1. Around ASN44, what is the net charge, scoring Lys/Arg as +1 and Asp/Glu as -1 over all other residues with Cβ under 15 Å from its Cβ?
2. Would you mind putting 127-136, 9-18 in packing order, based on average other-beta-carbon counts within 10 Å, highest first?
3. So I have [x] 0.95; [y] 1.10; [z] 1.14, and one of them is Rg/Rh (Cα atoms, Kirkwood Rh) calculated from this model. Which one is it?
4. On a full-extension model of 0.36 nm per residue, what is the gain between SER36 and PHE122, subtracting their alpha-carbon distance, rounded to one decimal in nm?
5. Can you give me the relative contact order of the chain as a percent, contacts being Cα pairs under 8 Å and 6 or more apart?
6. Order the following by accessible area, largest value first: ARG6, ARG95. Probe radius 1.4 Å; ligands, DNA and RNA are ignored.
7. In what order, largest first, do GLU47, GLU97 sit by accessible area if the probe radius is 1.4 Å?
8. Report the net charge of residues surrounding LEU150, where surrounding means a beta-carbon distance below 9 angstrom and charges are Lys +1, Arg +1, Asp -1, Glu -1.
Amino acid sequence: MATLVRREDYFDAAIEILSTDDHGGLKQAPLCRHLSVTTGSFYNYFESWGQFKTEFLQHWLDQRTLQLVDAARLVAESEQRLELLIDFACALPHRAESAIRAWAHSDPEVRAVQNTVDEQRFEVVLEATTGLLGPGADAENFARMGLLLLYGYQQSMPQPELGQLRWALQRTFSDALSVRAADRPSRPTAV
């Protein structure tokens with residue numbers, strides 16, 4: 001019996017392969033084997049491996065960054081937005097993202113998409129930290145620190161428990177709240 005797959009199934013399978021076999025394992029034959037389809041099925045959706053790679057990268061950008069950024073921007077309150085961003089960060093396919101980041105070192109197309117992902121993620125986190133702290137170096141530094149924690153977590157071998165990433169991100173942004181509280185002028189006490 002033939003297996004019926006959708007275009008998105010190829011992208012999902014690519015994430016799974018990247019999570020286990022790194023970017024070197026992401027090739028047409030293993031992808032088709034993973035889905036139990038023939039290479040002919042692959043060519044029903046994609047003219048070439050290059051087209052697949054381009055569409056896969058766009059899918060990853062759309063699904064794992066742009067849609068999440070748009071959803072986060074719907075939350076007006078900065079503290080709630082940061083909590084949502086932490087949830088999004090913890091739900092990412094970390095091993096696959098690590099593989100994509102490594103792949104970006106040797107492939108200009110992957111690097112360009114990785115740069116867009118990094119820029120979009122930084123901008124949405126910066127918007128939230130700016131909402132907490134106002135514009136300036138503190139907001140930029142806390143936004144950058146949150147992303148560095150995420151990227152460092154993704155590159156760790158073996159990868160720590162997900163709860164440790166959540167704790168580190170929550171701690172970073174609770175520290176940002178402390179900076180905000182310290183910068184507020186104290187109210188005079190009634191005499």
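1. Values: positive: ARG6, ARG7; negative: GLU8, ASP9, GLU47, GLU55.
Every neighbour counted, the sum reads -2.
2. On the way: 127-136: 17.9, 9-18: 19.9.
Highest-to-lowest ranking by the protection proxy: 9-18, 127-136.
3. [y]
4. Numbers: separation 86, 0.36 × 86 = 30.96 nm, distance 3.81 nm.
So the chain would gain 27.1 nm between SER36 and PHE122.
5. Values: 157 pairs, mean separation 39.6, N = 191.
Here the relative contact order equals 21 percent.
6. Values: ARG6 125, ARG95 60 Å².
Sorted descending by solvent-accessible area, the residues read ARG6, ARG95.
7. Numbers: GLU47 160, GLU97 5 Å².
Accessible-area ranking of GLU47, GLU97, largest first: GLU47, GLU97.
8. Working: positive: ARG121; negative: GLU97.
Its environment carries a net charge of 0.
The values are calculated or read from the model by the stated rules, or taken from the named source; none is laboratory data. It should be emphasised that the depicted structure is a prediction, and the values quoted were computed from it without experimental measurement. Note that each Cβ is placed from the backbone with ideal geometry, even for glycine, and that neighbours are counted across all protein chains shown. Heavy atoms of the whole protein, side chains included, go into the accessibility calculation; ligands, DNA and RNA do not. Shrake-Rupley method; radii C 1.70, N 1.55, O 1.52, S 1.80 Å.
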